[in-house]
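Read through the structure below, which is laid out as structure tokens, and then see the notes.
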Amino acid sequence: MFQSSLSLPFHNADQHLEAQVRHIEQHELEAEKHDDNSFSIRSEYGLLRLSATQDQMNLIIETERDDGLDVMRDFVADYLVGHMPSLKLSDLVWSGHNIVEGTPANFRTVAVVKRTILNEGMLRLTLAGNDLSLFEEGGLHFRLLLPKNPNRTPVWPIRLTSGKVQFPEGDDELYNRVYTARYVRTELGELDFDLVRHKGGVAADWAESVAEGAIVGIMGPGGGGYINNGWLLMGGDETALPAISRILEQCSSDVKGQVYLSVRKSDYQADLQKPDGIEVFWLPDNDSNQLASSIIETVLPDNEDIYVWFGGEQKDARAIRKVLKSDWKLKPDQFYCAAYWQNDIRSEAE
Ligand SMILES: Cc1cc2nc3c(=O)[nH]c(=O)nc-3n(C[C@H](O)[C@H](O)[C@H](O)COP(=O)(O)OP(=O)(O)OC[C@H]3O[C@@H](n4cnc5c(N)ncnc54)[C@H](O)[C@@H]3O)c2cc1C
């Protein structure tokens, strides 16, 4: 296990700790209260322990993951400096596991080695690089980092000694888009991901014409969410199809449930491998209204351990999340409901 800790002088820390913890919980995290001055917050990366005395706040990170310290120290550094105006990055002196300036543990440069048109609506890129083993098990998604100015030598993120991961700015700025690793072949050093083909997107346009050999950055993996083995209700559009496909492939064979998929092309159907007890409903023509209402109107089975998973357009994700929390009263560990994209936003490239 890796461990690292940070102590900060903080006037009346014990009186402010709970408010800070409740604020951190807004990042879709849940805290456990041990007593008035001691909390812990568990994430997929590890455990963050927080405690306070009258004049000091103490934070301890514990993680089993190779990338856990870098990801969690970055989160903590970002949060603290963002929310405590008097604090500077140089005030953050971590002890425990050594921290040196350099490449974050969850960053890789990779080369595009293959481009495959899967069908009219989707294409697959194969990336190749060293040490992709983390991407096989540590989560489904990753950040694709594309230099805004392709004519400059790329500058990649750096981990500072404060724990913060600093992204390049100005002419070296990077576009940052989230995708799902569809297949990872660690032994070959390859990762496939599938992109929805749509007009006017930085990543979508780049993928249409990227040359073999192009170098990009990836950061990850993380997220995805499905830990329960009960009755599963899933929904998503094409952007979530890679994640849903991976989750269904990894489900234990006795999982039962329903999956609603809204896609433009029916040729995806051949790809999906799933337990026999999962029924799949293909909704025609990327019909977003039908997708959200199919989830919301599902009659849940009684006496079952329920898990609900949704990935899709922001408006649908918001509507579904509201029902899951307010009407169905699901606890945070019973659902994952994420906005994968937002309709009608202006592209950053414009
Ligand atoms: C956890 C997670 C996992 C994801 N996994 C995948 C994946 O495996 N495959 C995948 O294709 N996407 C995936 N997405 C969605 C993807 O990140 C977004 O679609 C992203 O906006 C695409 O970036 P872009 O640069 O092409 O478009 P942007 O520059 O972000 O947007 C430009 C324009 O395109 C529109 N647009 C964006 N996405 C779409 C879309 N899908 N369909 C139609 N119009 C769109 C926007 O409304 C905007 O008008 C995932 C998102 C998340 C959060």
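For segment 194-210, enumerate the residues that are more than 6 Å from the ligand (Cβ to nearest atom) and in contact (Cβ under 8 Å) with a residue 60 or more places away in the chain.
Of the residues in segment 194-210, the ones more than 6 Å from the ligand (Cβ to nearest atom) are 197, 199, 205-210.
Across segment 194-210, the qualifying residues are Arg197, Asp205, Trp206, Ala207, Glu208, Val210.
Going residue by residue through segment 229-238, is there one that turns out to be within 15 Å of the ligand (Cβ to nearest atom), outside the structural domain of Gly121 (by TED's automatic domain parsing) and among the charged types (D, E, K, R)?
Checked segment 229-238: at least one residue is within 15 Å of the ligand (Cβ to nearest atom), outside the structural domain of Gly121 (by TED's automatic domain parsing) and among the charged types (D, E, K, R).
Look at Leu191 and say whether it is in contact with a helix residue (DSSP H, G or I) (Cβ under 7 Å, 6 or more places away or on another chain) and within 26 Å of Gly68 (Cβ to Cβ).
Values: in contact with a helix residue (DSSP H, G or I) (Cβ under 7 Å, 6 or more places away or on another chain): yes; within 26 Å of Gly68 (Cβ to Cβ): yes.
It is true that Leu191 is in contact with a helix residue (DSSP H, G or I) (Cβ under 7 Å, 6 or more places away or on another chain) and within 26 Å of Gly68 (Cβ to Cβ).
Looking at the structure I just gave you, is Leu17 of a type in the set (A, V, I, L, M) and assigned to a strand (DSSP E or B)? If you could, list the steps in order and put the result at the bottom.
Details: of a type in the set (A, V, I, L, M): yes; assigned to a strand (DSSP E or B): no.
No; evaluated as a whole, the condition is false for this residue.
Since Ile24 meets every condition but one in (1) in contact with a helix residue (DSSP H, G or I) (Cβ under 8 Å, 6 or more places away or on another chain); (2) in the same structural domain as Pro154 (by TED's automatic domain parsing); (3) of a type in the set (Val, Ile, Thr), which condition does it not meet?
(2)
Considering only residues of segment 68-95 that are loosely packed, with under 15 Cβ neighbours inside 10 Å, part of a helix (DSSP H, G or I) and of a type in the set (Gly, Ala, Ser), which is modelled with the lowest pLDDT?
Among them, the one singled out is Gly82.
Considering only segment 100-190, give the strands (runs of 3 or more DSSP E) lying wholly within it that have at least 2 residues that are hydrophobic (A, V, I, L, M, F, W, C), in contact (Cβ under 8 Å) with a residue 60 or more places away in the chain and farther than 27 Å from Met72 by Cα.
It comes to 107-119, 122-128.
Could you please find all residues in segment 47-64 being in contact with a helix residue (DSSP H, G or I) (Cβ under 8 Å, 6 or more places away or on another chain) and not in a strand (DSSP E or B)?
Those that are in contact with a helix residue (DSSP H, G or I) (Cβ under 8 Å, 6 or more places away or on another chain) and not in a strand (DSSP E or B): Gln54, Asp55.
Pick out the one residue from Ile215, Ile247 that is touching a Phe, Trp or Tyr at 6+ places or on another chain (Cβ under 7 Å) and aliphatic (A, V, I, L, M).
Numbers: Ile215 fails: touching a Phe, Trp or Tyr at 6+ places or on another chain (Cβ under 7 Å).
Of the residues listed, the single one that is touching a Phe, Trp or Tyr at 6+ places or on another chain (Cβ under 7 Å) and aliphatic (A, V, I, L, M) is Ile247.
Do we find that Arg49 is among the charged types (D, E, K, R) and within 16 Å of the ligand (Cβ to nearest atom) in this structure?
Values: among the charged types (D, E, K, R): yes; within 16 Å of the ligand (Cβ to nearest atom): no.
In short, no.
Just the residues that are surrounded by 15 or more Cβ atoms within 10 Å (Cβ to Cβ) and within 16 Å of the ligand (Cβ to nearest atom), please, taken from segment 96-131.
Within segment 96-131, Asn106, Val110, Val112, Arg115, Leu118, Gly121, Met122, Leu123, Arg124, Leu125, Thr126, Leu127 meet the criteria.
The values are calculated or read from the model by the stated rules, or taken from the named source; none is laboratory data. If you're wondering where the values come from, they're calculated on a predicted model, not measured in any experiment. In this analysis, Cβ positions are derived from the backbone assuming ideal geometry, glycine residues included, and neighbour counts consider all displayed protein chains.
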